[in-house]
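Inspection log for the structure reproduced underneath, given as structure tokens.
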Amino acid sequence: MNGATGTQVNTAEGGGGEPVGVQIQQSRRLPDFLQSVNLKYVKLGYHYLISHLLTLCLIPVMAVILIEASQMNPDDIRQLWLHLQYNLVSVIICSAVLVFGSTVYIMTRPRPVYLIDYSCYKAPEHLKAPYERFMQHSRLTGDFDESSLEFQRKILERSGLGDETYVPEAMHQLPPQPSMQAAREEAEQVMFGALDKLFANTSVKPKKIGVLVVNCSLFNPTPSLSAMIVNKYKLRGNIRSFNLGGMGCSAGVIAVDLAKDMLQVHRNTYAVVVSTENITQNWYFGNKKSMLIPNCLFRVGGSAVLLSNKSVDRRRAKYKLVHVVRTHRGADDKAFRCVYQEQDDAGKTGVSLSKDLMAIAGGALKTNITTLGPLVLPISEQLLFFGSLIIKKIFNKHIKPYIPDFKLAFDHFCIHAGGRAVIDELEKNLQLTQVHVEASRMTLHRFGNTSSSSIWYELAYIEAKGRMKKGNKVWQIAFGSGFKCNSAVWQALRNVKPSPDGPWEDCIDRYPVKVVS
């Protein structure tokens, strides 16, 4: 669905595992203004009461203890001391148990994972692919018939992309040159460009990196992309390096989760997560429409993230990782094949999108949100949701379940910029405001669908606008082939300012822009 007009365009507007139109059956009309205002204040009051219920219950108990203590005289205190002396063995045992339990808790509790900084790659100006140039180039290649060209034109017009997105060098040539060497060059430019910026901004030497995780869905050469980074920066020989492939646009969250697990095992170290996608060898030169969509939406981009488990890094870190929730529906055959790389009838390789993609994506999203909700939502929202389910079960099966207000849990939202429809649907069904989805829309407009790295361009947008304050929580959510829906939750440790040479540095004053429907 075209989210702005409700026009059916195609089954999806994304490739490589990211659904652009997630069809969620739940829809709600805007309430009456006066009723919504009254409900707002009732809801805030209820939320405040439930959130502080424990504190409110403890206040009378503490008051009674203080009153009793104030009435004690020196003789009462002496009698208490004598009682403890006569029960010295019990006191020692209790103290030993308390010390032992505290030690075990401290040693076994999860180590906090801090995000020191991150960087996003910005391609050079000559790689820009404005709408007119893209269409002219597609026509001149001679690979597409008139029907395919018209289809691409319609997708581009409704995609939400602007005229400043980038495609790789090989796609600017006539005829295109999607060679292995060109694909390697694209990977090097993106990964090394992001890493050079990251190391410069953080002053961390590459030799100090203990964990390296690289994710790229469609380009997996030998040696691997992670090996290319090890070779370039001469990383140490005992580095734990991983290369994730074929996991679609949600692989960035998966890579963060893997790095987090490694940081729980290996003490006092840094982890680097590199997220990218490679377009050069994955451009589709056929006429099957479902395989043409990635050509219209995918653009050059990548990110590099520096994580740490060192307690001393908390002072300079931007964020703390709070939760990672992963949903995988690959056990279902339809979900497994709904985004499938294969050859068309002419033998040309592309990513095929199933007609069931919408329903599968909606189911994965629902499962992920249901799992995430109890971890992040205030108890007031959980009680309302649980109560509505009970009422629906007992009294009326046709009553719509209460939709939790995720705005009470998160201050910012980074929805994967796979296309306009997914942003529109989540905005509507999670009852978000235009400000909440602004980062996603503007990232799609300025950089296009950069796959797993798009959520970092969005976070950079929020920082560049000066909106990230200490204590704010941000929700990153992305979809991927397989089929997967993954979420990451971060909490700002300070008022976060944009890092030097950020992707929005030269254009943030021009945004937000109005996207043509």
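The values are calculated or read from the model by the stated rules, or taken from the named source; none is laboratory data. Just so it is clear, the model here is predicted, and its values are computed rather than measured. Cβ placement follows ideal geometry from the backbone for every residue including glycine, while neighbour counts extend to all protein chains displayed. Heads up: the accessible areas ignore ligands, DNA and RNA and are worked out on the full protein's heavy atoms, side chains in. Shrake-Rupley method; radii C 1.70, N 1.55, O 1.52, S 1.80 Å.
Before moving on, here are some points about what is shown:
- Unit Cα scatterers, Debye sum, the stretch 166-315: log10 I(q)/I(0) for q = 0.15, 0.17 Å⁻¹: -0.77, -0.95
- The solvent-accessible area of Lys366, taken with every protein chain present and a 1.4 Å probe, is close to 140 Å².
- Rg/Rh, computed from the Cα trace of the stretch 478-517 with Rh as the Kirkwood radius, has the value 1.12.
- In summary, the aspartates and glutamates within cross-link reach of Lys407, defined as a Cα separation below 15 angstrom excluding same-chain residues under 8 places away, comprise Glu381, Glu427, Glu438.
- Cα gyration tensor shape of the stretch 339-492, rounded if a/c is under 1.5, else prolate or oblate by comparing a/b with b/c: oblate
- Taking the convex hull of Cα positions in the stretch 83-212, its mean projected area over all directions (nm²): 16.3 nm²
- The residue among His172, Ala187, Gly362 whose Cα reaches farthest toward the positive pole of the charge dipole of the chain, with charges on the beta-carbon of Lys, Arg, Asp and Glu, is Gly362.
- Angle between the chain longest axis and helix 251-265 axis [Cα atoms, degrees, rounded to 10]: 40 degrees
- Degrees separating the helix 88-108 axis from the principal Cα axis of the chain, which is the longest one: 10 degrees
- Reported label for calculated Rg and Dmax of the Cα atoms in Å given (1) 26.5, 100; (2) 23.7, 76; (3) 23.3, 83: (1)
- Taking N as the residue count of the stretch 255-390, its C-alpha radius of gyration divided by 2.2 N^0.38 Å amounts to 1.43.
- The alpha carbon centroids of the stretch 460-517 and the stretch 339-394 are separated by 23 Å.
- Overall, the chain carries a charge dipole of about 1160 debye about its Cα centre when +1 sits on the Cβ of Lys and Arg and -1 on the Cβ of Asp and Glu, all other atoms neutral.
- Taken about its Cα centre, the stretch 386-493 carries a charge dipole of about 300 debye when Lys and Arg each add +1 at the Cβ and Asp and Glu each add -1 at the Cβ.
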